[in-house]
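The values are calculated or read from the model by the stated rules, or taken from the named source; none is laboratory data. Only a predicted model underlies this, so the values are computations on that prediction, with no experimental measurement involved. Ideal geometry is used to build each Cβ from the backbone, glycine not excepted, and the neighbour counts take in all protein chains shown. Just so you know, the surface numbers come from the protein's heavy atoms only, side chains and all, with ligands and any DNA or RNA stripped out. Shrake-Rupley method; radii C 1.70, N 1.55, O 1.52, S 1.80 Å.
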Number of protein chains: 4
Amino acid sequence: MSGNTFGNIFRVTTFGESHGPALGAVIDGVPAGLALERADIQKELDRRRPGQSALVTQRSENDAVEILSGVFEGRTTGTPLALLIRNQDQRSRDYGNLAELFRPGHADFAYFQKYGIRDYRGGGRSSGRETAARVAAGAVAKKMLAALGVRFCAFTAAVGKVAGSVCDPAFIENNPVRCADPAAADAMIREIAAAQAAHDSVGAVIECRIQGVPAGWGEPVFDKLDATLAQAMLSIGAVKGIEFGDGFAAAAARGSENNDAMTPAGFVTNHAGGVLGGIASGAEIVFRVAVKPTPSIARAQQTVDCRGKAQVCEIRGRHDPCLAPRMVPVVEAMAALVLADLALRQRARANWTTHPTGER
Amino acid sequence: MSGNTFGNIFRVTTFGESHGPALGAVIDGVPAGLALERADIQKELDRRRPGQSALVTQRSENDAVEILSGVFEGRTTGTPLALLIRNQDQRSRDYGNLAELFRPGHADFAYFQKYGIRDYRGGGRSSGRETAARVAAGAVAKKMLAALGVRFCAFTAAVGKVAGSVCDPAFIENNPVRCADPAAADAMIREIAAAQAAHDSVGAVIECRIQGVPAGWGEPVFDKLDATLAQAMLSIGAVKGIEFGDGFAAAAARGSENNDAMTPAGFVTNHAGGVLGGIASGAEIVFRVAVKPTPSIARAQQTVDCRGKAQVCEIRGRHDPCLAPRMVPVVEAMAALVLADLALRQRARANWTTHPTGER
Amino acid sequence: MSGNTFGNIFRVTTFGESHGPALGAVIDGVPAGLALERADIQKELDRRRPGQSALVTQRSENDAVEILSGVFEGRTTGTPLALLIRNQDQRSRDYGNLAELFRPGHADFAYFQKYGIRDYRGGGRSSGRETAARVAAGAVAKKMLAALGVRFCAFTAAVGKVAGSVCDPAFIENNPVRCADPAAADAMIREIAAAQAAHDSVGAVIECRIQGVPAGWGEPVFDKLDATLAQAMLSIGAVKGIEFGDGFAAAAARGSENNDAMTPAGFVTNHAGGVLGGIASGAEIVFRVAVKPTPSIARAQQTVDCRGKAQVCEIRGRHDPCLAPRMVPVVEAMAALVLADLALRQRARANWTTHPTGER
Amino acid sequence: MSGNTFGNIFRVTTFGESHGPALGAVIDGVPAGLALERADIQKELDRRRPGQSALVTQRSENDAVEILSGVFEGRTTGTPLALLIRNQDQRSRDYGNLAELFRPGHADFAYFQKYGIRDYRGGGRSSGRETAARVAAGAVAKKMLAALGVRFCAFTAAVGKVAGSVCDPAFIENNPVRCADPAAADAMIREIAAAQAAHDSVGAVIECRIQGVPAGWGEPVFDKLDATLAQAMLSIGAVKGIEFGDGFAAAAARGSENNDAMTPAGFVTNHAGGVLGGIASGAEIVFRVAVKPTPSIARAQQTVDCRGKAQVCEIRGRHDPCLAPRMVPVVEAMAALVLADLALRQRARANWTTHPTGER
């Protein structure tokens, strides 16, 4: 209701501000008996962590996660998992000069209008730091889905005007930009470096492919698989668009080109990106998200303060010149949250007439 | 949970199949005392109705709505509104030959995998006809928001490769394609006619602009204004993508280009499309959705039947060669459902410390 | 959110006023493939129907239900079931003199304070007539649970000061008061007749026993089985209390008396009424609800009108002198809604580690 | 959905096990700008704390709460409040001998049937210790409602066969049993001491009175004020029943006795306990809950182990011989959670037609 909870059965609530004592997530709805240890979660947090390369913010956070509840002797108990990440490097003094300014391209103004009060330190709740809690929760969803063979693969498909063209999953974690195309990674890195050198930032496209989703997941009408993924992705700060399969290109196509023919061996093509009528078709799920350039740039910008007076804003602090490299695990995490929930929703009702007890 | 309900406070549940007895919507959460009559709803349904021009399906439905509850002496009472639309022209025999086939590009296969049973007549619940119920509910949301000056304006921005470039709101309802650019409408109409003549269909882009949304609407983190609009739009069948403001173009831009500077007079530009950090900024909300070409085409297509055997599918029945003209009011309706709900969610908590009673 | 929806997965929304065009329910979350016909629902509505004996209101309603959606060729399709009951005998003129009065013991005053407007005809939405929609929905839940052997048995346990002492399930539908004790039925009937003759009404206790609920149903902490049943029962108009197992008597007992010892053959006693820690124990579920006397009585009563002026209220119209006989099927219906939902909630997550697909 | 979340707008999720690292609550939906400090919460936790008198468990927990998020410079920001309470005195060795036994009257068996795994240390999630998180959250709700003049007063109305008869609010916190009747407190204390001396426990009745609730709060049909309070109270472990106003006594009364007449000065009586048609009438809200005797008693009891074999169970550990004294603040906390949520729900929609913006 107030926006900090996601999912229906696998339900995640996150909390925490960029410069408060801690961030965290509570997950209610994790099935009992799942093997889970801290390392399962920490490894995903490490992919999102600041300071992992020269391309990203140098804020020093080890993002160590603590499991406060819901696990007993290495297995989930069916009760809520609470995951806690303490903040460490809160250089709030960087934000002292921003206490009264609304940074262009940031949530500052909108939050102030909404609440009449705001925690200005690093954006408070609107900070990208909030996504650490999502990644922690997503790690649990991934672990749960792995048993079914659901695999997530997100990567940076374009940085500014440089786009990759092939997808080599093994390459993604081997380059700091998380590009999947070995031929394009260097150009992407240079694009980011050029923006940074110009005290500027640059946008990007992230692509996500999901394999192993059984046909039938997703709910009709309002909670379609693609609708729910769209909500999940647009809920990540700085994402300005999403498209599935051929996406906007399909808007220029004819039906005879866009329909995916079926054969006994499966779909001949995948223009649909794995979703038909909002329900998984069994084909690979493919979508792309548009990521805007980081709004925090070290140039003088025209803005107003909280009394409505014109001001010039110069943002210090430590920021990612391109958000995509660290956002790749966030995209996977959100996709995992969507699918874990839809898996349980499908499971609740499927095969009732043949196995009403749900026992086997 | 099972996908047929949308919204939190202003909460809509739709029901009904393409060829069943009736479609409808129940809205729980309408404020009491709102003047509302059947005509408020009927006028929006008439914009979506089949048979309104030569460009759309000729199925004969007058889509007359009946208000079953929640209105007393011309005003809402605060109790649920039930809206009923009886189906009339159910030429189910058109679908007899499709009872065992999965139509390419349709939900048929995915629904069968999901439920193990399906109402094959006209797509059953997955039919676009379901959107009549959304338009009816959206009309109530629009009426409610009109008091606040919130105005919706959606139009066909492109058909196939023909795009409009200006927006003249007054022109939209004066051409059968609901184009907003007087110079582009004829070319769009020809694009649709050409597809139809080729026993084919064509995709489109719909743009939606919303004025009068106060800064502060939208909830942080998961229920951002843009995230919720994205879910709403992708929940419309055939929508394959959405972008806000500069959208995918922002992914190729630099921060210095993409940030909207602020002055005491307001935002200098609107690259963000009216949303900052997921919260309305007070600027016009602008988004575009990609609509795939109608999957029902009168050409022979390769498919399988429900026993997995290869078949050739030829779709008769009456279909829109381009979905956009009749989808324009659906886009507005879904946007209105989003905003009515976010308005009430904002209202629930705002100004508590100054006016905790909610009385004035 | 606005109170007209019940359940999480098996989710029912009701609508309709006592003297409006119709009442109804939409159920989202019914599993697909369930055999269901109109008669399954009608038979339960007939148990609740007005005019079934001399002990109840003589309002003439046949309460014929129409299934508008969600069933295809005799089986549920997994999409929402909409159930419609048209009102027929709306003697609204009986209420003309009450348009401005608040009837003592009724919702009139509270609704007016809440909404600032009210449909005064027969109580509008607050009428007991609303429970017809619950009974219709409950019939679907019962059908669904029957496959698991879950059986509901509610009966009138006391009328005024006359209490039954044994439970003969076969007797319940054979006497107009729905008493389960053949030795007490006549005295209960006389108690009602005496109240009626005195232009008065009388309270009652309804007991409900549920067999076949597997151990493990119910959710911990806030959605305990007994907590959810308590909400369900108190949501029925005129219910003023509920107790499980020994209930209020347990408050006067010692632990050594109240604990139910366990043996390999099961529980030795059932002081707990089938619920431990909020979760079904596998023993019979037993609870009792207190039903207040019908507030509509034909005596002059002291009240105020909507301008706050003192008035005398004399209620004409047709009312049940004791609510219990027709409320028995409502209690069963609400219990069935609770259990259908908890069954699906349990099924969603159970056995994940051994059968993650939910297939067998 | 999985039972650990309560409320709609003011929404609380609790987590934590009796002998895990920590307990806590996340509250999403707190209005922004509310003055709140740690002491507001701590003072309520201190009322529930173990070891506060000779009548309660001597487990040593200071239950110090930490606010992790949602407060900035002494005021709530509108973002989620996370409240953390570390466990300290986890004498889990007391439970080693219970690892395989199901304690009579406890949730052990039902949880094992539900999840197939259980944290046996002190009952894990089913422990009464979980209510610390509720009391913490309830303190925030109380603070929020205090601005409106809503006041909560719960007390021990009976212990075993000893009942109080008057209510002196000032006396409640001055006696260890939290009795409101100065003449009955000593007898209650002796009743508890006698049970304890007999290695037994004793049940109780808690009464709660709430003043200052405006007429109109509560939602119709399923989310009635009394229905929601009933869910809230039955969600507290060991509560076996609830009644409002005259409650079960009303079941034996006539309508002419039970109806509360109205005059321009207000209700003449309050048999209804402040609720009419499920909506607050403006009168004092009055309800009583039945609390069963503590199931943990130091006598040998007949039970089974997790392999179904007969066993004798002797419970060591530190337990309250009567749950009521420490449950009084839990009852108030749950009532506050109900009312905070219903207040916001009412606020969301009220006065729309006169003040649609919600601004004043």
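For segment A:286-302, what are the residues that are out of contact with any Ser or Thr (no Cβ under 7 Å at 6 or more places or on another chain) and in contact (Cβ under 8 Å) with a residue 40 or more places away in the chain?
If the condition is that a residue be out of contact with any Ser or Thr (no Cβ under 7 Å at 6 or more places or on another chain) and in contact (Cβ under 8 Å) with a residue 40 or more places away in the chain, then A:Val286, A:Phe287, A:Arg288, A:Val289, A:Ala290, A:Val291, A:Lys292, A:Pro295, A:Ser296, A:Ala298, A:Gln301 are the ones that fit.
Matching residues to (1) closer than 15 Å to A:Gly317 by Cβ; (2) within 9 Å of chain B (Cβ to nearest Cβ):
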residue	(1), (2)
A:Ala64	no, no
A:Gly74	no, no
A:Leu81	no, no
A:Ile85	no, no
A:Leu98	yes, no
A:Pro104	yes, yes
A:Phe112	no, yes
A:Gly116	no, yes
A:Gly124	yes, no
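Here's a check for you: in segment B:267-287, which residue that is among the β-branched types (Val, Ile, Thr) and not in a strand (DSSP E or B) is nearest to the other protein chains (Cβ to nearest Cβ)?
Here the residue is B:Val268.
Hey, does segment C:291-300 have a residue that's facing chain D (nearest Cβ under 10 Å), hydroxyl-bearing (Ser, Thr, Tyr), under 23 Å from C:Leu101 (Cα atoms) and assigned to a loop (DSSP other than H, G, I, E, B)?
Checking segment C:291-300: at least one residue is facing chain D (nearest Cβ under 10 Å), hydroxyl-bearing (Ser, Thr, Tyr), under 23 Å from C:Leu101 (Cα atoms) and assigned to a loop (DSSP other than H, G, I, E, B).
Tell me yes or no: at least one residue of segment A:308-320 is under 25 Å from the mean Cα position of the chain (by Cα) and more than 18 Å from A:Ser201 (Cα to Cα).
No - not one qualifying residue is present in segment A:308-320.
In segment D:227-264, which residue that is among the aliphatic types (A, V, I, L, M) and assigned to a loop (DSSP other than H, G, I, E, B) is surrounded by the fewest Cβ atoms within 10 Å (Cβ to Cβ)?
Only one residue tops the list, namely D:Ala261.
With the condition kept exactly as written, say whether any residue in segment A:23-30 is of a type outside the set (Lys, Arg) and more than 18 Å from A:Val135 (Cα to Cα). Can you show your working first?
First, pick out the residues of segment A:23-30 that are of a type outside the set (Lys, Arg): A:23-30.
Within this subset, residues satisfying the condition of being more than 18 Å from A:Val135 (Cα to Cα) are none.
No, that holds for no residue.
Checking A:Ser18 against (1) touching a residue at least 12 places away in the same chain (Cβ under 8 Å); (2) touching a strand residue (DSSP E or B) at 6+ places or on another chain (Cβ under 6 Å), only one condition comes out false. Which one?
For A:Ser18, the failing item is (2).
From the list A:Asn8, A:Asn4, which residue is open to solvent by 20 Å² or more (accessible area, probe 1.4 Å), polar (S, T, N, Q) and facing chain B (nearest Cβ under 10 Å)?
From the options A:Asn8, A:Asn4, the qualifying one is A:Asn8.
Looking only at segment D:40-78, how many residues end up being more than 20 Å from the chain's Cα centre (by Cα) and not basic (Lys, Arg)?
15
Could you go through segment D:41-49 and let me know if any residue there is within 11 Å of another protein chain (Cβ to nearest Cβ), of a type in the set (A, V, I, L, M, F, W, C) and closer than 14 Å to D:Lys142 by Cβ. Give the steps one after another, and end with the answer.
Keep residues of segment D:41-49 that are within 11 Å of another protein chain (Cβ to nearest Cβ), which gives none.
No - not one qualifying residue is present in segment D:41-49.
Could we say that A:Arg347 is of a type in the set (Lys, Arg), in contact with a helix residue (DSSP H, G or I) (Cβ under 8 Å, 6 or more places away or on another chain) and open to solvent by less than 30 Å² (accessible area, probe 1.4 Å) here?
Yes; evaluated as a whole, the condition is true for this residue.
In segment D:177-191, what residues are assigned to a loop (DSSP other than H, G, I, E, B) and either more than 18 Å from D:Ala154 (Cβ to Cβ) or over 20 Å from the mean Cα position of the chain (by Cα) (or both)?
D:Asp181, D:Pro182, D:Ala183, D:Ala184
Looking only at segment A:176-189, which residues are without any contact (Cβ under 8 Å) to a residue 24 or more places away in the chain and surrounded by fewer than 19 Cβ atoms within 10 Å (Cβ to Cβ)?
Within segment A:176-189, A:Pro182, A:Ala183, A:Asp186 meet the criteria.
Of all residues in segment A:152-173, how many are farther than 20 Å from A:Val135 by Cβ, out of contact with any Cys (no Cβ under 9 Å at 6 or more places or on another chain) and assigned to a helix (DSSP H, G or I)?
So the answer is 1.
Being buried (at least 22 other Cβ atoms within 10 Å of the Cβ) and out of contact with any Asp or Glu (no Cβ under 6 Å at 6 or more places or on another chain) narrows it down to one of A:Val275, A:Val268, A:Val328, so name that one.
A:Val328
Does any residue of segment D:249-259 turn out to be closer than 28 Å to D:Asn4 by Cα and either at the interface with chain C (Cβ under 7 Å from one of its Cβ atoms) or touching a helix residue (DSSP H, G or I) at 6+ places or on another chain (Cβ under 6 Å) (or both)?
First, pick out the residues of segment D:249-259 that are closer than 28 Å to D:Asn4 by Cα: none.
No, there is no match, as no residue in segment D:249-259 is closer than 28 Å to D:Asn4 by Cα and either at the interface with chain C (Cβ under 7 Å from one of its Cβ atoms) or touching a helix residue (DSSP H, G or I) at 6+ places or on another chain (Cβ under 6 Å) (or both).
From the list A:Glu173, A:Glu130, pick out the single residue that is open to solvent by 40 Å² or more (accessible area, probe 1.4 Å) and under 30 Å from A:Gly74 (Cα atoms).
Just a single option satisfies the conditions, and that option is A:Glu173.
Using the structure shown, decide if C:Ala283 is open to solvent by less than 10 Å² (accessible area, probe 1.4 Å) and either among the hydrophobic types (A, V, I, L, M, F, W, C) or without any contact (Cβ under 8 Å) to a residue 40 or more places away in the chain (or both).
No.
Please determine whether any residue of segment C:211-220 is in contact with a Leu (Cβ under 6 Å, 6 or more places away or on another chain), open to solvent by less than 10 Å² (accessible area, probe 1.4 Å) and under 30 Å from A:Pro31 (Cβ atoms).
The answer is yes; a qualifying residue exists.
Going through segment C:302-327 one residue at a time, which ones are aliphatic (A, V, I, L, M) and either at pLDDT 90 or above or not in a loop (DSSP other than H, G, I, E, B) (or both)?
Passing the criteria: C:Val304, C:Ala310, C:Val312, C:Leu323, C:Ala324, C:Met327.
Among the residues of segment B:192-203, are any part of a strand (DSSP E or B) and within 11 Å of chain A (Cβ to nearest Cβ)?
Checking segment B:192-203: at least one residue is part of a strand (DSSP E or B) and within 11 Å of chain A (Cβ to nearest Cβ).
Going through segment B:62-93 one residue at a time, which ones are open to solvent by 10 Å² or more (accessible area, probe 1.4 Å) and acidic (Asp, Glu)?
B:Glu66, B:Glu73, B:Asp89
Could you say whether any residue in segment C:192-201 is within 22 Å of the chain's Cα centre (by Cα), within 30 Å of D:His106 (Cβ to Cβ) and not aliphatic (A, V, I, L, M)?
So far as segment C:192-201 goes, no, none of its residues is within 22 Å of the chain's Cα centre (by Cα), within 30 Å of D:His106 (Cβ to Cβ) and not aliphatic (A, V, I, L, M).
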